[in-house]
Each structure stands twice: as structure tokens, then as C-alpha cells.
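Bear in mind these aren't lab numbers, they're just calculated from the coordinates by the rules spelled out. Being a predicted model, the structure only gives us computed values, none of them experimental. Every residue, glycine among them, receives a Cβ derived from its backbone with ideal geometry; neighbour counts consider all protein chains shown.
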Amino acid sequence: MKLLDSWYAVALASALKPEHPLAVQLHGERFAVWRDSSGAAAAVLDRCPHKGASLSVGRVQDGLLTCGYHGWCFGADGHCASIPAQHTGEPMPHRAHTRCVPCREAYGFLWLWWARDPEAPVASPEVLPPVPAVGPIPEAGDGGWRNLEGQVEWQANWLRVLEAFMDLTHAPFVHSGTFGASAPDQLMPEEQWVKDDSLYERVLAPRDRHYRADQGRGLRGLFNTDDKAVAESSDGGVQHIQLWLANVSLVRVVFGDFRISLCTAHVPLDDGRTLNLWRHFRSFLRTPLADANARGRVDRFMAEDQRMVETLTPRLPDLDGRGDLLLVSDAMTLCLRSLLREKRSAGLLV
Ligand code: FES
Ligand SMILES: [Fe+2]
């Protein structure tokens, strides 16, 4: 299933280096992304119109995407700007272009626009809606936070994955080895809403026994002497979960000033594979020495979800509700499916 006329976060912005194009995949289609001469991210289909080489294995020269095979150069509009083997003065062949796709950089991700009609002329930037307003997440360079990034591919449909990130009641079971150990079985939201292609819920978060005040005291004493927040963390806190269509979720756990955020792009590589690109922020233990532990925790609970989500059948969620038995406690899954049914009725989900 594909959501049309929608922005998808498809890569970590940090993965895009100035000299090298980046290969990304969305709904089975490959794209080459690079930085043009203005530094803006640009994207085209990852196929050279000359003999079909992958443009993403070429290089970037003077802001142009240069095919590694015979050196044809492409601008951000997809048109070929030069063919080295041709004599100068010969006209550029009409078909010497590849399809460009609107591309943005925001919230630490690169985004591609998936149009309802991919063959239609590319909409001008003013006509397209803005990238969804994901947040709050810390700005780059905000010294109050430490940021980590990573990725993991799951053999599961992307909508099943989105649902998993809005699903509260799995925590005490799937995550019994990590943060779900102290979660109550009946984790009822304090607030829920759906607005502008975004779903939100807020729950009281149980105390995480791994983040008790006695953990990492030595490191905090050495590096974060201003961080008193953990001492206040023993009374539980608030968890905010939000999803923005097409494919970004944000989980924020707040225990006073002791905060963790996980912003994840769930990239539909195709109908059976989802690439989770995550950005993790913590407001405590900000020393790099604590990175390995924090990364290990994210990897562990992602693996806990993966193990379960990859078993779900049918592989694609049945939006009409005949496949699963959803109850009031699955409110956010129901809300997401209802939103997706609206999209389907409007011809925007195929
Ligand atoms: S295949 Fe790209 S330049 Fe020949
Ligand atoms: Fe989970």
C-alpha cells in the first residue's frame, strides 16, 4: 500500500555527504540523492538514461550528479547538462533526462514527495505542501541534548510498523526485558487526537527501573554536574507519542528534566520491508562515553518489537477490520486505520 501525494522521510540527512550521491529506496523505486551547487538536496530516479547505470554510484561534481559510467551530468531538474563523449556544439538529445522528484531536508531527515501521478510534470515547490511539522525535537547543536542515530530493516509492511509505534498495550509483554517491565497492563491514554494527518496520544509513563537515580552516578558526577534531573525521575512521568503521515513517529518520555526522545522514519522499501531510521536524543548522561549503552538500549527494544511485528499476518493490515479483532484499548490503531480509509476513499491510498 502506498500513500500518494505525501512526503516520506527516506534517509538520515547525516548520510548525505557532499561529494557522493546517496541511494534511497521508496515503494520499490530507487532514487539518487545529492547536494546541488546551492547545498540543497536534490533527487532523481536512480537510472541513467544513457545505458541504465545507477546514478547513485556516480559522484557529485560542481553540484551536478555525474554518472560513473560515461560521465553524463545531471542537474536537480533531471536534465542532462553535459555529455563528455559528444562533440561540443551538438544539441542535447531530447531524451537526455531522468525524472526528478521533489526533495527536502528537515528534522535530520531527507524527504521525498510521492506524487499521485509520477509521470505528471513535477509540481513547483510553492504548490507542494510543507514537510510535516515533526516535533518538538532538539535542534542540531543544542548542548542540552546528546543525539545518536541508527537504522534497522524489518521484514514487515510499513503500516504494520507504524501501528506498532502507536501501540501502547504491547509494552509490558514485548518489552518485559527492558522499559516495559514496570508498565501496567492497562495503560490508558490521558489524551488522544487526530488532526491534519497526525495522531497523538499521551500516557503516564511508568518509572523505568533502568533509569533510576543510582544508575550512572559516577559518570554524571564527572561530566554532567548540572544534571539534577534524574533524582526527580523516580515518580514516573509522561510519554508523548505522535505520528505524522506518511511515515514519521516521535516518542518522547519526560521525567521532569530527564527526557528521552526517539524520532523514527519508517521507510517503506517495498510492501514487505521497512527501514527504520532512528534519531535518539537524551537530556542526561550527555557524555559520549554513555553512547554505547544508549545505543544498545535502542537496538534492544527495537529488536524486541521487530521479533513480534515480523510475525504479523496478514502482512498488510486489513483497513476494513475483518482481519484483526481490535478493541477500545487499540484506539490509536483504530484511529490510524480510519484515517487511512479516508485516504483510500479520496484515492490517496492504493
Ligand atoms: S550509463 Fe550513464 S553515462 Fe553512460
Ligand atoms: Fe515497542
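Springs between alpha-carbon atoms under 10 Å, Gaussian network over the chain: tell me which of 151, 86, 61 tops the mean-square fluctuations. Result for the chain, Cα springs under 10 Å: 86 fluctuates most. Sorting 75-84, 248-257 by their mean Cβ neighbour count within 10 Å, with the most densely packed peptide first, gives 248-257, 75-84.
Averaging over all projection directions, the Cα-based convex hull of the chain occupies 19.3 nm² in the image plane.
The long axis of helix 331-345 is offset from the longest Cα principal axis of the chain by roughly 20 degrees. If R0 is 25 Å, the Cβ-Cβ spacing of residue 348 and residue 190 corresponds to a FRET efficiency of close to 0.20. Highest mean packing comes first when the peptides 165-174, 87-96, 128-137 are listed by Cβ atoms within 10 Å, giving 165-174, 128-137, 87-96. Here is how the number arises for the chain: DSSP H runs of 4 or more residues each give -39500 (n - 2.57), the sum is divided by the residue count, and the result at 222 nm is -4500 deg cm²/dmol.
If you take all other residues with their beta carbon under 12 Å from the beta carbon of residue 25, and give Lys and Arg +1 and Asp and Glu -1, the sum is -2. Cross-link reach is defined here as a Cα-Cα straight distance under 13 Å, omitting same-chain residues fewer than 8 places apart; for residue 2 the aspartates and glutamates meeting it are 29, 117, 270, 271. Comparing 18, 138, 314 in a Gaussian network model of the chain, where Cα atoms under 10 Å apart are tied by springs, the biggest mean-square fluctuation is seen for 314. Helix 291-309 axis versus longest C-alpha principal axis of the chain: approximately 90°, rounded to the nearest ten. The calculated FRET efficiency for residue 308 paired with residue 126, based on their beta-carbon distance and R0 = 41 Å, is about 0.40.
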